[in-house]
Amino acid sequence: MINYSEQFSQLIQQYIEYKRSLGYAYPTDYVRRIKRMGEFLTKNYFYSEITLSKEMVLEFVKKRNNEANSTICNRCSIIRGFAIFLKQQLGYENIYILPNEYIPKDISPFIPYIFSKEQINLLIDIIDNYKYGSKHLNKCKIYSALIRLLYSSGLRISEALSLKISDLDFTNNIIHVSATKNNTSRIVCMSNSLSKVIQSYIYDSKLQASDWLFPSPYGGHYSQD
């Protein structure tokens, strides 16, 4: 019998390194879920060769008590990705790849709310005139610039807060975004009006090219909180 615990541990580590090489972040929490999959497989199954049978896969992804579909989808995604890696990248043959139809639909109760132009204008007007508790926020009008940037560009909050002045090209009105969800870079266009707002904010805040766009008075940039 092979030492499943040791071999699966090595294969899982290879898988994580492979996905990261493709640009996937794979943070600690996601890595922990992948390793829990390995623990489940090594605890419950023993074969004479590396195998990922249909029985193993379906047992791993089956619904537990009071589980939401999103939790099951997460397990399905993890073991399906691992199976594809074993079969297509490493060449193992006795590998069952979970078909898409086995994955439950994760139906979100979220219903989008579409703001009218009047509501957007009201929101921005309130932000521009709100008296924040922090003198630094009030003085530099950080929220006024940040909300306009998010609204006009579609950036994630983490991406906007991670920007430096040097990431903004006001000649061509583009933003170079590198702190993305999947560790890939992209270019985002700025409208002329957004460009003027951000340039005015930078001037009023006396920021330099090497500074964060939204610097915290305590060092670094502001957090999402």
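Testing the spin-label approximation: label points 7 Å from Cα along Cα→Cβ at residue 65 and residue 150. State their distance in nm.
4.0
Looking only at Cα atoms, what is the convex hull volume of the chain per residue, in Å³? If you can, show how the numbers build up before the last one.
Working: hull volume 42.4 nm³, N = 225.
Looking at the chain, the number lands at 188 Å³ per residue.
Please name which of 129, 224, 88 has its Cα lying farthest along the dipole of the chain towards the positive end, using unit charges on Cβ (Lys, Arg +1; Asp, Glu -1) and the Cα centre as origin.
129
What dipole magnitude, in Debye to the nearest 20, does the stretch 1-55 give about its Cα centre under +1 on Lys/Arg Cβ and -1 on Asp/Glu Cβ? Intermediate results must be reported in sequence, preceding the final value.
Numbers: 8 positive and 6 negative charges, 49 e Å.
In debye, rounded to 20, the stretch 1-55 gives about 240.
Which value, in debye to the nearest 20, describes the size of the charge dipole of the chain about its Cα centre when Lys and Arg Cβ atoms bear +1, Asp and Glu Cβ atoms bear -1, and nothing else is charged?
About 280 debye.
If the chain between residue 6 and residue 204 were fully stretched, how many nm would it gain, using 0.36 nm times the residue separation less the Cα-Cα distance?
Working: separation 198, 0.36 × 198 = 71.28 nm, distance 5.88 nm.
Contour length minus Cα-Cα distance gives 65.4 nm.
Report the relative contact order of the chain, percent, no decimals, based on alpha-carbon pairs under 8 angstrom and at least 6 residues apart. Before the final figure, lay out each step's value.
Numbers: 213 pairs, mean separation 34.9, N = 225.
16 percent.
So, by mean Cβ neighbours within 10 angstrom, what's the order for 65-75, 145-155 with the highest one leading? Walk me through the numbers on the way to the answer.
Details: 65-75: 13.0, 145-155: 17.8.
The peptides rank, most packed first, as 145-155, 65-75.
Please report, as a whole percent, how much of the solvent-accessible surface of the chain comes from carbon and sulfur atoms (probe radius 1.4 Å). Could the numbers behind the result be given before it?
On the way: 7380 of 14410 Å².
Answer for the chain: carbon and sulfur cover 51 percent of the accessible area.
At R0 = 35 Å, how high is the FRET efficiency between residue 46 and residue 102 if r is their beta carbon distance? Nearest 0.05 is fine.
On the way: r = 24 Å, r/R0 = 0.70.
With R0 = 35 Å, the Cβ-Cβ based efficiency is 0.90.
Provide the per residue accessible area, probe 1.4 Å, for the chain, rounded to a whole number of square angstrom. Write down the numbers at each step before the final one.
Numbers: 14410 Å² over 225 residues.
Heavy-atom accessible area per residue stands at 64 Å².
R0 = 22 Å: FRET efficiency of residue 221 with residue 132, Cβ-based, nearest 0.05? Mind dumping the intermediate values first?
Numbers: r = 17 Å, r/R0 = 0.78.
Computed FRET efficiency for residue 221 and residue 132: 0.80.
For residue 166 paired with residue 33, estimate the spin-label separation in nm (one decimal), with each label point 7 Å from Cα along the Cα-to-Cβ line.
With each label placed 7 Å out from Cα toward Cβ, I get 3.5 nm.
GNM, the chain, Cα, under 10 Å: largest mean-square fluctuation among 191, 21, 116?
Result for the chain, Cα springs under 10 Å: 116 fluctuates most.
Which pairs break 18 Å Cα to Cα here: 164/206; 131/164; 63/105; 54/87?
Values: 164/206 14 Å; 131/164 26 Å; 63/105 13 Å; 54/87 14 Å.
Listed pairs above 18 Å: 131/164.
Among the lysines, which fall within straight-line cross-link reach of residue 35, defined as a Cα-Cα distance under 17 Å, with same-chain neighbours fewer than 8 residues apart omitted?
Residue 35 reaches 19, 43.
The values are calculated or read from the model by the stated rules, or taken from the named source; none is laboratory data. As the structure is a prediction and not an experimental result, all values here were calculated from the model. Glycine also receives a Cβ, built like all others from the backbone with ideal geometry; neighbour counts cover every protein chain displayed. Surface accessibility is based on the protein's heavy atoms, side chains included, excluding ligands, DNA and RNA. Shrake-Rupley method; radii C 1.70, N 1.55, O 1.52, S 1.80 Å.
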